[in-house]
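Peer 1: Input: one structure, supplied below.
Read-outs throughout are calculated quantities, based only on the coordinates presented, and are distinct from any laboratory measurement. These figures come from a predicted structure and were not determined experimentally. Quick reminder, even Gly has a Cβ in these numbers, built from the backbone with ideal geometry, and neighbours come from all protein chains shown.
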Protein chains: 2
Amino acid sequence: MKKRTTIHDLAKQLSLDSSTVSRALRGSPLVKQKTKDIVNDLAIKLNYKPNRLASNLRSNKSNTIGVIVPRISRHFFSSAISGIEEEAYKKGYNILICQSQDKFKYESKNIDNLLHNRVDGLIISLSLETRDLSHFSELFESETPIVFFDRVPMNALEYRPIIKIVNDDEAISYNATTHLINQGCERIAYHSGPDSISIYNARLKGYYKALKKASIPILKNMIFYSNLMLKDGVDFARKILELKKLPDAIYSANDTTALSSMQYLKSQGIRIPQDIKMIGFSDEPASAMSDPTLTTVDQSGVEMGKVAVKKITDLIENREEMQLQSNQIITMNSTLIIRESSR
Amino acid sequence: MKKRTTIHDLAKQLSLDSSTVSRALRGSPLVKQKTKDIVNDLAIKLNYKPNRLASNLRSNKSNTIGVIVPRISRHFFSSAISGIEEEAYKKGYNILICQSQDKFKYESKNIDNLLHNRVDGLIISLSLETRDLSHFSELFESETPIVFFDRVPMNALEYRPIIKIVNDDEAISYNATTHLINQGCERIAYHSGPDSISIYNARLKGYYKALKKASIPILKNMIFYSNLMLKDGVDFARKILELKKLPDAIYSANDTTALSSMQYLKSQGIRIPQDIKMIGFSDEPASAMSDPTLTTVDQSGVEMGKVAVKKITDLIENREEMQLQSNQIITMNSTLIIRESSR
DNA sequence: TATTAAAATACAATCGATTGTATTTTAATA
DNA sequence: TATTAAAATACAATCGATTGTATTTTAATA
């Protein structure tokens, strides 16, 4: 590896001290303009690039934001990461991305690893298995700012201020269900994720509320729980077909299962939306490509990612003032995208 | 921020020198077992975590691999990143992920940024706009190992050894086309990406070869070029419908356009696969959900990502020997997934 | 021209770990 | 017990940048 130009090389060539060069490069008012000019000129000439490792060590700032998501390749998360990357790049931060694979164990390890790397802040969406925050204790102690998004802790954390960025899950879920009711549906089956997870809990609540508002009785045998994987959609559809009386609509808490349910139902001769109307959640690319195209909720992961970075950098850069604030919950607006499957 | 335990804290408490503590923690044979034990015990007790910034600075290794992809949220790339993350985590490396947004300008900036951060190696898939490697010159000079994957430079780089990981694009493209021919197709339209990009170039070649092999004349008006965005699929389908004689098959160089073409064709009353058979490329999740389901090529981005990390860490850790080797091209096997759209 | 304040620069310590080498301790041998 | 080699530990420098403070230079004023 070729030796890179350092601040000392510049200093020597210009018969200056490295401290003056350092200040000159960062535009400090303590340095004369003329000196700044000659330093900058030489820096460009010798292609000087500050060594981040060194400056980070000295300033005790890693200039890095840790990001933990369940799975990078899931569309919502890769969109969020995309937004995070864009915004972090703009603000001059690097991001360190880890995936928990929806396992509590990996999530713990990831947190540990990010602590090791002295990240300035953490943006995280919790794993399916996460029910408490015991594995955050060290992170809390180190006072690293944390922003939770999408899958956030269900309870407020009294002992330290925290930022949560969530979707308006309950409200949009209410809208989605109401949309089905407006289409004349009365028997609306619901496929939920684990209700220990904030988002699924909220979506379920919205569903309940809409039924209640419309005075439609809530039938417990129309509500199913799973981890919302592809095959769960098929299982769910099978169970639906075993019901004495078929539902006239199915609402699933994600698109993956909505689509796999749809596919199975179609294979069994059920017509969508004529026999059963369907709604999913998240607006996966596949949902615009299915036949019929799937009504769903656009969550805008990109935007959520950007907001998460804005918040975490606020926390990092104005630590004092921000820390004084109490828990903060930011709610993003999502949109119901009405497509063929519910018309 | 609470002060973290350092190697000096341990040293002081044990009346040892920091150098001995450092060696003890890393299991150096220069330190007595008993000393190692008491050091490790205290390290656990005080929850010591080595400061990576400091050790990286000293050892002049960032322990970080830079990753540049066109877009994080594209399924193939998020899968690749997922594989990269998994393997890098196993090997104790961090990854710094950037997206070029398929722009040459951003790709340059990303390279610059990663250089700043002194990454130990770079894994990259080139942007659509990248036609030469002029923006790599500094990286080459710094002798940072590089692994290209998927979209790789078209020409061998004589002046330095480089690893490329590619799909068997040409071969699988040949197979895909032959599959259509075997299904009785003779007029196979092809929707290509820019042929300045390695993968599209190779896929086109495979298509040509298969036609030649079957003595089917190559009709230039059946071949279209675009950037393969969603709307390009619609444009392509429109042009297809304007042809005096319709093709009996369409082969698209990615799934996104294959699916949007399919959707448009269906909306115009064309039956798939009865009137026109279709094949895409990449096995996006949507392709298993469309109606008909789309025949496509499974590229296994996850596996490619893992291999990329294995290769880059080989380069980083055995720099000398590896540098002696000449250019290396690793070809991954992909699979043709035959679904309804081509039967 | 001498004095003084302000501006510019240099000095020195530091961030936390690592590493070559010097020194001390321990164990082995005469 | 004295000598010597080996083992264990301490010392000191270093990675490259940053920052508080001391020193020098420059400019302003008497």
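Peer 1: Treating cross-link reach as a plain straight distance, find the aspartates and glutamates whose alpha-carbon is under 20 Å from the alpha-carbon of B:K277, omitting any fewer than eight places away in the same chain.
Peer 2: Partners found: A:D291, B:E186, B:D232, B:D235, B:E242, B:D248, B:D255, B:D291, B:D298, B:E340.
Peer 1: Any idea how far the Cα center of the range B:163-179 sits from the one of the range B:260-283, in Å?
Peer 2: 22 Å
Peer 1: Compute the long axis of helix B:230-242 from its Cα atoms, compare it with the longest principal axis of the Cα atoms of chain B, and write down the angle in degrees, 0 to 90, nearest 10.
Peer 2: Long axis of B:230-242 versus the principal axis of chain B: about 10 degrees.
Peer 1: If each residue's Cβ is checked for other Cβ atoms within 10 Å, how do B:R118, B:R71 rank with the fewest at the top? Each step should come with its number before you reach the end.
Peer 2: Numbers: B:R118 23, B:R71 18.
The fewest-first ordering by Cβ neighbours comes to B:R71, B:R118.
Peer 1: Going by C-beta contacts inside 10 Å, put A:R74, A:R23 in order with the fewest on the left. Let's see the in-between values first.
Peer 2: Numbers: A:R74 22, A:R23 17.
Ordered by Cβ neighbours within 10 Å, fewest first: A:R23, A:R74.
Peer 1: Using a label point 7 Å beyond Cα on the Cα-Cβ vector, give me the inter-copy distances for B:G27 in nanometres, one decimal, shortest first.
Peer 2: 4.9
Peer 1: Rounded to the nearest 0.05, what FRET efficiency do A:Y225 and A:E340 give with R0 = 22 Å and r taken as the Cβ-Cβ distance? Could you check? Mind showing how you got there, number by number?
Peer 2: Numbers: r = 27 Å, r/R0 = 1.25.
Taking R0 as 22 Å, the efficiency between A:Y225 and A:E340 is 0.20.
Peer 1: Please report A:I197, B:I312, B:I216 as a ranked list, fewest other C-beta atoms within 10 angstrom at the top and most at the bottom. Intermediate values should be presented prior to the final figure.
Peer 2: Working: A:I197 24, B:I312 30, B:I216 15.
Fewest-to-most ranking of A:I197, B:I312, B:I216: B:I216, A:I197, B:I312.
Peer 1: Using a Förster distance of 30 Å, how high is the FRET efficiency between A:K213 and A:D298, based on the Cβ-Cβ distance and rounded to 0.05? Display every interim value, and only then the final one.
Peer 2: Values: r = 23 Å, r/R0 = 0.77.
After rounding, the FRET efficiency stands at 0.80.
Peer 1: Which value, in debye to the nearest 20, describes the size of the charge dipole of chain A about its Cα centre when Lys and Arg Cβ atoms bear +1, Asp and Glu Cβ atoms bear -1, and nothing else is charged? Each step should come with its number before you reach the end.
Peer 2: Working: 47 positive and 39 negative charges, 159 e Å.
The calculation lands at about 760 debye.
Peer 1: Name the residue, out of B:P273, B:P29, B:P145, whose mean-square fluctuation peaks in a Gaussian network model built on chain B with Cα pairs under 10 Å.
Peer 2: Among B:P273, B:P29, B:P145, the largest mean-square fluctuation in the Gaussian network model of chain B belongs to B:P29.
Peer 1: Run the simple label-point estimate for B:R160 and A:D112 please: 7 Å along Cα→C-beta, distance reported in nm.
Peer 2: Distance between label points: 3.7 nm.
Peer 1: Determine the percent antiparallel among the DSSP beta bridges restricted to the protein assembly as shown, to the nearest 5. Mind showing how you got there, number by number?
Peer 2: Working: 7 of 71 bridges.
Around 10 percent of the beta bridges assigned by DSSP in the protein assembly as shown are antiparallel ones.
Peer 1: Now, a different point. Past 30 Å, Cα to Cα: identify those pairs from A:K306/B:K109; B:K103/B:K212; A:K36/B:K49; A:K164/B:K3; B:K32/B:K91; A:K49/B:K231, in the order given. Numbers along the way, then the final one.
Peer 2: Details: A:K306/B:K109 20 Å; B:K103/B:K212 35 Å; A:K36/B:K49 39 Å; A:K164/B:K3 26 Å; B:K32/B:K91 28 Å; A:K49/B:K231 42 Å.
From the list (A:K306/B:K109; B:K103/B:K212; A:K36/B:K49; A:K164/B:K3; B:K32/B:K91; A:K49/B:K231), the Cα-Cα distance tops 30 Å for B:K103/B:K212; A:K36/B:K49; A:K49/B:K231.
Peer 1: Just to confirm the numbers: B:L243, label point 7 angstrom along the Cα-Cβ line, distances to the other copies in nm, shortest first?
Peer 2: 4.6
Peer 1: For peptide B:82-89, compute the average count of partner chain beta-carbon atoms within 10 Å of each residue's beta-carbon.
Peer 2: Details: counts 9, 2, 2, 9, 5, 0, 1, 6.
Partner Cβ neighbours, averaged per residue: 4.
Peer 1: Report the charge-dipole magnitude of the range A:7-50 in Debye, nearest 20, computed about the Cα centre from +1 at each Lys and Arg Cβ and -1 at each Asp and Glu Cβ.
Peer 2: With Lys and Arg at +1 and Asp and Glu at -1, about 100 debye.
Peer 1: Given the C-alpha atoms of the range A:7-50, compute the convex hull and give its volume per residue in Å³. Can you show the working numbers first?
Peer 2: Values: hull volume 2.6 nm³, N = 44.
Once divided by residue count, the hull of the range A:7-50 is 58 Å³.
Peer 1: Can you give the convex hull volume per residue for the Cα atoms of chain A, as a whole number of Å³? It would help to have the intermediate numbers written out before the result.
Peer 2: Details: hull volume 58.1 nm³, N = 343.
Given the Cα convex hull of chain A, per-residue volume reads 169 Å³.
Peer 1: 7 Å along Cα→Cβ for the label point: how many nanometres lie between A:M154 and each equivalent label in the other copies, listed shortest first?
Peer 2: Label-point separations across copies, in nm and ascending: 5.7.
Peer 1: Sticking with this one: Determine the dipole magnitude for the range B:171-243: charges of +1 sit on the beta-carbon of Lys and Arg, -1 on that of Asp and Glu, nothing else is charged, the reference point is the Cα centre, and the result goes in debye to the nearest 20.
Peer 2: Numbers: 10 positive and 5 negative charges, 40 e Å.
The dipole of the range B:171-243 has a size of about 200 debye.
Peer 1: Of B:S334, B:A24, B:I163, whose Cα points farthest to the positive end of the dipole of chain B (charges on the beta-carbon: +1 Lys, Arg; -1 Asp, Glu; origin at the Cα centre)?
Peer 2: B:A24
Peer 1: Which residue fluctuates most in the GNM of chain A (Cα springs below 10 Å): A:S260, A:S19, A:S252?
Peer 2: Its mean-square fluctuation being the largest, the pick is A:S19.
Peer 1: Also: Using a 7 Å offset from the Cα along the Cα-to-Cβ direction at both A:E186 and A:K3, what is the distance between the two label points in nm, to one decimal?
Peer 2: My value for the distance between the label points is 8.6 nm.
Peer 1: On to the next question. What residue among B:N182, B:N56, B:N40 has the largest mean-square fluctuation in a Gaussian network model of chain B, using Cα springs under 10 Å?
Peer 2: Sorting by GNM fluctuation, first place goes to B:N40.
Peer 1: Under 14 Å Cα to Cα from B:K45, which aspartates and glutamates show up? Leave out anything in the same chain fewer than 8 places away.
Peer 2: Answer for B:K45, where 14 Å is the Cα cut-off: A:E138, B:D9, B:D37, listed by chain and number.
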